[in-house]
Amino acid sequence: MKVKLGISLLVLVSVCFSIAESKCSKGCDLALASYYVMPETNLTFVAQVLQSNLNINPSTIVSYNKQTIANENSVQDGVKASVPFPCDCINGQFLGHMFEYTVHSGVTYMTVAQEYYANLTTYQLLQQYNSYDPNDTNTNTNTKLNVMVTCSCGNSLVSKNYGLFITYPLRPEDTIESIASATSLSVELLEGYNPGKNFSQGSGVVYIPAKDQNDNYPPLVSSTSGLALSHRLAAGVIAGIAVGAVAILLLLATCIYFGCYRKMKVEALLLFTASKGQHGR
């Protein structure tokens, strides 16, 4: 009886903690990346570094940027191009997509993060997902580099009116007020999707509701379930609830265990007493 209760308790705790630790269960079909176009950068290169199973090309990028990019052969420096990519649930922990970049000799993590991927990723993420040595110039040619870009699928606790989000790298000139003004969104909404984020820090990424190719805000799909890296607060609430449930279940299981154990001891004592009484006669 004790062994069975112990095994049941272990299984119960394992299941509950797996629920508490999970940050996402699925991604969404589409997210956007805000790519800051630097001098001598063209849309062919942008489509190449942000290529995915969506099979984007320069024309695809133009279709999401009709107001800022007239055609694929005419892109002004400093334009922030919205580029589509799929948003996946990475190992049940956060939302993102792993791009693949072919490294050429002499390329460093910093170059890839800041220049080629326009700060959509970081030096730290590149180190985390690669064993590539940027100082080894002899073996770097044609090496495949994993490039993680995080994303968001929305949050029904904030609003159900927005289901498409852009991963936006913060720049030194940005503030939450300037971004709210440029996007015609409220400061409160931006804060809701980016809890605890400092929009004036000049680095890192935030997640902003975005318009689709028809210039509309698509609503949140009800089946979407996931959290971006910046949604730790919401994840913490969910984890807190799950941990609370674990505590209650542990208490209940403990009470049942000791209740059964005590009952067994009492029954054993009664049997022993009865047996002793019979022998005494």
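The values are calculated or read from the model by the stated rules, or taken from the named source; none is laboratory data. Keep in mind the model is a prediction, meaning the values are calculated, not measured. A quick note on method: Cβ atoms are made from the backbone with ideal geometry, for glycine too, and the neighbour counts reach across all protein chains shown.
Can you tell me which of VAL49, VAL75, VAL62 is under 28 Å from LYS26 (Cβ atoms), of a type in the set (A, V, I, L, M) and crowded, with 19+ Cβ neighbours inside 10 Å? Let's see the steps before the verdict.
On the way: VAL75 fails: under 28 Å from LYS26 (Cβ atoms); VAL62 fails: under 28 Å from LYS26 (Cβ atoms).
Only one candidate passes the filter, namely VAL49.
What single numbered condition from (1) within 22 Å of CYS89 (Cα to Cα); (2) out of contact with any Ser or Thr (no Cβ under 6 Å at 6 or more places or on another chain) fails to hold for LEU189?
It fails just one condition, (1).
Looking only at segment 186-215, filter to residues that are under 21 Å from the mean Cα position of the chain (by Cα) and of a type in the set (S, T, N, Q); which one of those is surrounded by the most Cβ atoms within 10 Å (Cβ to Cβ)?
Only one residue tops the list, namely ASN194.
Tell me, please, whether a residue that is of a type in the set (Phe, Trp, Tyr) and closer than 15 Å to PRO209 by Cβ can be found in segment 98-109. Explain how you work it out, then say what you get.
Applying the first criterion (of a type in the set (Phe, Trp, Tyr)) to segment 98-109 yields 99, 101, 109.
With the extra rule that they be closer than 15 Å to PRO209 by Cβ, the set shrinks to none.
For segment 98-109, residues of a type in the set (Phe, Trp, Tyr) and closer than 15 Å to PRO209 by Cβ: absent.
Hey, can you tell me all the residues within segment 61-95 that are β-branched (Val, Ile, Thr) and not in a strand (DSSP E or B)? Walk me through it before giving the result.
Going through segment 61-95, the residues β-branched (Val, Ile, Thr) turn out to be 61-62, 68-69, 75, 79, 83, 90.
Answer for segment 61-95, where residues must be β-branched (Val, Ile, Thr) and not in a strand (DSSP E or B): ILE61, VAL62, THR68, ILE69, VAL75, VAL79.
Mind checking which residues of segment 78-92 are in contact with a Cys (Cβ under 7 Å, 6 or more places away or on another chain) and more than 23 Å from PHE45 (Cβ to Cβ)?
CYS89, GLY92 - these are the residues of segment 78-92 that are in contact with a Cys (Cβ under 7 Å, 6 or more places away or on another chain) and more than 23 Å from PHE45 (Cβ to Cβ).
In segment 151-185, what count of residues is obtained for those that are surrounded by fewer than 22 Cβ atoms within 10 Å (Cβ to Cβ) and assigned to a strand (DSSP E or B)?
Number of matching residues: 0.
When only residues in segment 118-152 that are in contact with an Asp or Glu (Cβ under 8 Å, 6 or more places away or on another chain) and of a type in the set (A, V, I, L, M) count, which is modelled with the lowest pLDDT?
Here the answer is LEU145.
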